[in-house]
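Undergrad: One structure follows; several queries about it will come next.
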Amino acid sequence: MGDERLCATCHEVPLLGLGAVDAWQVGERPHSDVRAQDTIEEWRHSDAAAEGRSCRTCHMQNASHRFLGARDAAFVRSAFAVDAAVVDGVDGAMVQVHLSARDAGHAIPTGDPFRRLLVRVCADPSCERVLVHQTLGRWLSTTGADNIDTRIPVDGLRTLQLPLPLGPLLPGAVVDVSLRLAETGLESHLAREDVVVPLLQIPLEVPR
Ligand code: HEC
Ligand code: HEC
């Protein structure tokens, strides 16, 4: 153990305003209570930490020096379980999605604040027609006011209720979950593999 202190230099860092970033670069250490990355603090509250599993236990399996991370879809999928069903809501049919953490020593996703999970209900598996979607991520401001965190909490559960548009849900509809890597505004400038890691699709049972 103890490797988390090394990881903390980059994965437990304050969110700084523009002027503060200039100050940081000339060696000042301005104070901020808001964390741009909070992975070590999340890990401290995890079952994994209680069991004595460090960052390296999960991220450097097989004593290899390749870091397992966000670009490895199977590794990311191993971190949580998903189920989805069409249910009746007050204003019509909705898709209820449960995302439960399975084996990650922190919130999902963690690290870089642009990382987010995109949950989409699509008319068919190509996802050319998205019926409704929701993003699980963090939206931060340097003051800490109005900060939002909709990620899967450490060892916890996130339930989504996505209202379906009116009209029958046709066979072939799926719930599609992917990890988005980059800031939204940069996506169109990047290669696809630097934008999205497809994770899984669940076929939706169409109610009669
Ligand atoms: C010197 C800074 C630094 C240190 C120290 C550091 N990291 Fe990172 N790490 C980064 C940066 C930068 C990224 C890229 C973030 C991105 O792509 O958005 C990253 C990404 C990652 C990723 C995601 C990889 C991916 O597929 O995108 C994992 C997992 C990770 N780090 C784990 C660790 C662990 C575990 C430690 C401690 C053993 C550690 N890091 C120490 C800077 C650091
Ligand atoms: C119990 C296993 C486990 C432990 C312990 C663990 N991680 Fe992870 N980590 C994962 C899994 C699985 C993922 C992929 C799912 C995700 O993105 O959260 C991941 C993802 C990440 C990512 C990339 C997030 C993203 O989606 O881009 C970073 C950065 C990271 N971990 C850093 C750390 C650091 C630093 C520690 C120690 C404080 C740590 N992890 C401890 C399992 C673990």
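Undergrad: Assuming R0 = 22 Å, can you tell me the calculated FRET efficiency for the pair ALA85 and THR135, based on Cβ-Cβ distance, to the nearest 0.05?
TA: Details: r = 21 Å, r/R0 = 0.94.
Once rounded, the FRET efficiency stands at 0.60.
Undergrad: So what is the 222 nm mean residue ellipticity for the chain from helices alone, if each DSSP H run of at least 4 adds -39500 (n - 2.57) and you divide by all residues, rounding to the nearest 500 deg cm²/dmol? Could the numbers behind the result be given before it?
TA: Numbers: 6 runs with 37 residues, N = 208.
It comes out at -4000 deg cm²/dmol, rounded to the nearest 500.
Undergrad: Of the GluC sites (Glu not before Pro) in the stretch 21-121, which ones lie in a loop per DSSP and count no more than 12 other C-beta atoms within 10 Å?
TA: On the way: sites: GLU28, GLU41, GLU42, GLU51; in loops: GLU28, GLU51.
Those that pass, being in a loop and sparsely packed, are GLU28, GLU51.
Undergrad: Taking 0.36 nm per residue of separation and subtracting the Cα-Cα distance, what length does fully extending PHE114 through ASP47 add?
TA: Details: separation 67, 0.36 × 67 = 24.12 nm, distance 2.51 nm.
Gain on stretching PHE114 to ASP47: 21.6 nm.
Undergrad: Now, a different point. Taking every alpha carbon pair in the stretch 3-63, what does the distance histogram look like in 5 angstrom bins from 0, in percent?
TA: That works out to 4, 17, 21, 21, 13, 9, 10, 5, 0, in percent per bin.
Undergrad: Between LEU157 and SER126, how many nm apart are label points set 7 Å from Cα along the C-beta direction?
TA: 3.7 nm
Undergrad: Using +1 at the C-beta of Lys and Arg and -1 at the C-beta of Asp and Glu, which of LEU118, ALA74, PRO168 has the Cα lying farthest in the positive direction of the dipole of the chain?
TA: ALA74
Undergrad: Moving on. Please list, short to long, the whole-number percent of alpha-carbon pairs of the stretch 102-196 in consecutive 10 angstrom bins beginning at zero.
TA: Reading upward from the zero bin: 14, 38, 35, 12, 1.
Undergrad: Taking the beta-carbon count within 10 Å as an exposure proxy, list ASP91, ASP3 from fewest neighbours to most.
TA: Details: ASP91 9, ASP3 13.
The fewest-first ordering by Cβ neighbours comes to ASP91, ASP3.
Undergrad: Something else now. Which are the unpartnered cysteines of the chain, meaning those with no other cysteine Cβ under 4.7 Å from their Cβ?
TA: Within the chain, the cysteines lacking a partner Cβ under 4.7 Å are CYS7, CYS10, CYS55, CYS58.
Undergrad: To continue, here is another question. Explain nothing, just the number: relative contact order of the chain, from Cα pairs under 8 Å at least 6 residues apart, as a whole percent. Write down the numbers at each step before the final one.
TA: Details: 403 pairs, mean separation 42.7, N = 208.
Normalised by residue count, the contact order of the chain is 21 percent.
Undergrad: Using alpha-carbon positions, what is the distance between the centroids of the stretch 28-77 and the stretch 121-151, in Å?
TA: 22 Å
Undergrad: Here's a follow-up. At 0.36 nm per residue, minus the direct Cα-Cα distance, what do ASP146 and LEU200 gain on full extension? Give it in nm, one decimal, please. Walk me through the intermediate numbers first.
TA: On the way: separation 54, 0.36 × 54 = 19.44 nm, distance 3.11 nm.
Length gained between ASP146 and LEU200: 16.3 nm.
Undergrad: Over the stretch 120-208, what relative contact order in percent results from Cα pairs under 8 Å that are six or more residues apart? It would help to have the intermediate numbers written out before the result.
TA: Numbers: 118 pairs, mean separation 25.4, N = 89.
Reported as a whole number, the value is 28 percent.
Undergrad: Which length gain, in nm to one decimal place, applies between ARG5 and LEU186 when the Cα-Cα distance is subtracted from 0.36 nm times their residue separation? Walk me through the numbers before you get to the answer.
TA: Numbers: separation 181, 0.36 × 181 = 65.16 nm, distance 3.10 nm.
Between ARG5 and LEU186, full extension yields 62.1 nm more.
Undergrad: How large is Rg/Rh for the chain, to two decimals, with Cα atoms and a Kirkwood Rh? If you can, show how the numbers build up before the last one.
TA: Numbers: Rg = 19.0 Å, Rh = 18.8 Å.
In the chain, Rg relative to Rh is 1.01.
Only the coordinates and a few stated rules stand behind these numbers; no lab work does. Keep in mind it's a predicted model, so treat the numbers as computed, not measured. Every residue, glycine as well, gets a Cβ built from its backbone with ideal geometry; the counts of neighbours run over all protein chains shown.
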